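The values are calculated or read from the model by the stated rules, or taken from the named source; none is laboratory data. Nothing here was measured: the structure is a model prediction, and the numbers come from that model. Cβ placement follows ideal geometry from the backbone for every residue including glycine, while neighbour counts extend to all protein chains displayed. Only protein heavy atoms, including side chains, enter the accessible area calculation; ligands, DNA and RNA are left aside. Shrake-Rupley method; radii C 1.70, N 1.55, O 1.52, S 1.80 Å.
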Amino acid sequence: MEWTTELRYKRYEDWTEEEKKQIKENMANSPWHTHYHVEPKTGLLNDPNGFSYFNGKWILFYQNFPFGAAHGLKSWVQLESDDLVHFKETGLKVLPDTPLDSHGAYSGSAMQFDDELFLFYTGNVRDENWIRHPYQIGALLDQDGNLKKIDQILIDQPEDATDHFRDPQIFKFKDQYYAIVGGQDLEKKGFVRLYKAVNNDYTNWVEVGDLDFNNDRTAYMMECPNLVFVGEQPVLLYCPQGLDKAVLDYDNIYPNMYKIGASFDPEQARLVDVSELHNLDYGFEAYATQGFNTPDGRALTVSWLGLPDVAYPSDRFDHQGAFSLVKELTIQDGKLYQYPVEAVKELRSTSSEFTNKETTNNCYELELAFEANSKSEIILLADKEGKGLSITFDIANGQVIVDRSQAGEQYAQEFGTTRTCPIENQATTATIFIDNSIFEIFINKGEKVFSGRVFPHADQTGILIKSGTPTGTYYELDYGRKAH
Ligand code: FRU
C-alpha cells in the first residue's frame, strides 16, 4: 500500500470499522511485539509526550498515527503507571479535532497546575494551499479524566521563524514557569527559544530570547528540546537535525544529543559554562527523548526507539515504534549517566549464571562483567549457527561494538550495521535488556548507552558466548500483565 498524503491525512472518522479490523488482525500476526516495552496499540508510535506525575500516577503519552506504520495525522495517546515500568492505556487521547490542531496534535509536555494537568503541545494546521501553521496550544486534564482544550493560541509562530516551530516543553525553575520551543530561523538554522510565563500563567507567555547553549548553528532544525535539572545542573536534550558531522560525528539519520551547563541563567536565556556536545545514545535508534523533573526532584527520561524517515520490517504488520525503558539521569564526575529506574528489577522472575542457552522468548536482562585488558564477544538472538546480534567488548582496545548485520531482517543499512562507542580500558560492566525486537545496553551503569531495534528470525532465540570469559547473571523477565 502506498501512503499518499491523502491517505495519511484522511480524517479519523473516515476509516471504516472493516479497515480498522484489518489493521488489528495484521498487527496480531507480527512476530516482533515487545513484552515489557511500550508499543502502540495500533499503528505508529513516535515521540514521548506529556511525561509527568499527576493525581498519584505517572502519566506518559505517545505520538500516534493509528492506521498503519506511517507518519500521518497525529494524536496523543495516554498511558498511566504506578511504577514507571507497567504502563497501560487509559483510553484518553488528544485528537486533531479543532481548527488549531486539525492536521496533527504534535509533540509537547505537561505540568500540573492546581488540580489540573496542563498539556502544552503543537497544533499543526495546514491551510487550503497545504501551507503549515504551527501553533503552540494547550489543553487541561482534570482528575476525572476530562480533557478540555484551551481555545486560544498560546505562542504563535514568530516572524523570524519558518513553519518549523514546535515541541514546547514547560518546566519550572526557582518557582517560575518557563518553556522552550524548537525551531528554524529564516536562514534555515535551528534554534531553541526560551519563554517565560507571566505571573506563572500558562496562557500568557513572553519571549525571553534564544537559548544560548553555544549553538554551532549547523543544524537546520532542533526537534524536541528538553531542559531538565540534575541537581543544579541544566541538561539540554535535543535533536539537532542536519548537524554537521564535523561538529560531532553520528551514524543515525538524525541524532539525539545533549549539553550540560554548570547552571541556568533564565534572565540571559543562557546555559552557563556549557559543555561540549555529546551523543545521548550510541545505538541505532533513540530519538525525541523526553525528560522531566519529578516532584521529588529526579530527572526521568524516556526515548522513542525509532527514527523519522526510516522504514521498519514491522511496517508490513502495520506497526512501528516503541519506547525505551524509563531512565533516570545522574551526573557523576561531570558525566551524564542514564540508567533504568530501580523498579525495572521487579520484572526479574528467575536468575541463573550467564552461560550459553536457549531462551523461551527473548525476554531477559543480563548483568555482565568484563576485566581490564580483556576481549569478549557475545551473540544474543542467536540461531543454531551462532548468527545473531553480536556485541564485542574490546576492553583492551577501549571500545564496545554492536553489530546487527546477522540479526534477523535488515533495514536502514545505508546508515551502517554496526555501532561503536569508546570506553576506558578498565573493569567494565554491562546491563543488557532484550525484549524480542529491542535491545538496550547500559555500559558501566549508564555511562554509555546503546539502544536499538532488531527484527529476529523465528529461530533466533539463543545466547552464545563466542569468545572471552564474561561472567554474570541471566534474569528472565516477566511483565506479568501486558499493558495494552
Ligand atoms: C519528532 C517530531 C516532532 C513533532 C512530532 C510529530 O519526531 O517530528 O518534532 O512534533 O514528531 O509527530
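Is there any pair with a first residue in the range 299-315 that is farther than 24 Å from Asn29 by Cα and part of a loop (DSSP other than H, G, I, E, B) and a second that is within 12 Å of the ligand (Cβ to nearest atom) and open to solvent by less than 10 Å² (accessible area, probe 1.4 Å) whose Cβ atoms are under 7 Å apart and which are 6 or more apart or on different chains, and what are they?
none
If a residue has to be closer than 20 Å to Glu116 by Cα and assigned to a loop (DSSP other than H, G, I, E, B) to count, how many in the range 144-181 make the cut?
If we filter the range 144-181 for residues that are closer than 20 Å to Glu116 by Cα, which is where we start, we get 144-154, 168-173, 175-179.
The next check asks that each one be assigned to a loop (DSSP other than H, G, I, E, B); those that pass are 144-146, 175.
Going through the range 144-181 one residue at a time, the tally reaches 4.
Given the options Asp216, Asp210, Asp251, name the one that is open to solvent by 10 Å² or more (accessible area, probe 1.4 Å) and either free of Cβ contacts under 8 Å to residues at least 24 places away in the same chain or within 14 Å of Ser275 (Cβ to Cβ) (or both).
The match here is Asp216.
Could you pull out the residue among Tyr36, Tyr12 that is hydroxyl-bearing (Ser, Thr, Tyr), over 17 Å from Leu147 (Cα atoms) and in contact with a Cys (Cβ under 8 Å, 6 or more places away or on another chain)?
Answer to the selection: Tyr36.
For the range 359-387, which positions are more than 26 Å from the chain's Cα centre (by Cα) and closer than 27 Å to Asp478 by Cα? Give the steps one after another, and end with the answer.
If we filter the range 359-387 for residues that are more than 26 Å from the chain's Cα centre (by Cα), which is where we start, we get 359-360, 369-378, 382-387.
Within the range 359-387, Thr359, Thr360, Ala369, Phe370, Glu377, Ile378, Ala382, Asp383, Lys384, Gly386, Lys387 meet the criteria.
Within the set of pairs 6 or more residues apart or between chains, which connect a residue that is among the acidic types (Asp, Glu) inside the range 105-131 to a residue that is more than 16 Å from the ligand (Cβ to nearest atom) with Cβ atoms less than 6 Å apart?
Here the result reads Asp115/Gln143; Glu116/Leu140; Glu116/Asp142, each pair linking the range 105-131 to a residue that is more than 16 Å from the ligand (Cβ to nearest atom).
Yes or no: the range 156-163 includes at least one residue that is crowded, with 22+ Cβ neighbours inside 10 Å and within 16 Å of the ligand (Cβ to nearest atom).
no
Can you name every residue in the range 284-298 that is crowded, with 23+ Cβ neighbours inside 10 Å and either at pLDDT below 95 or not in a strand (DSSP E or B) (or both)?
Within the range 284-298, Phe284, Glu285, Ala286 qualify.
Looking at Leu147, Leu84, Leu140, Leu100, which is the one that is within 21 Å of the chain's Cα centre (by Cα) and either farther than 26 Å from Met222 by Cβ or buried (at least 20 other Cβ atoms within 10 Å of the Cβ) (or both)?
Leu84
Pick from the range 108-131 the residues that are within 16 Å of the ligand (Cβ to nearest atom) and of a type in the set (Val, Ile, Thr): which of them is farthest from the chain's Cα centre (by Cα)? Reasoning before the result, please.
The initial filter retains those residues of the range 108-131 that are within 16 Å of the ligand (Cβ to nearest atom), namely 108-110, 119-126.
Next, from what is left, pick out any that are of a type in the set (Val, Ile, Thr): 122, 125.
Details: Thr122: 18, Val125: 24 Å.
Per the stated criteria, the residue is Val125.
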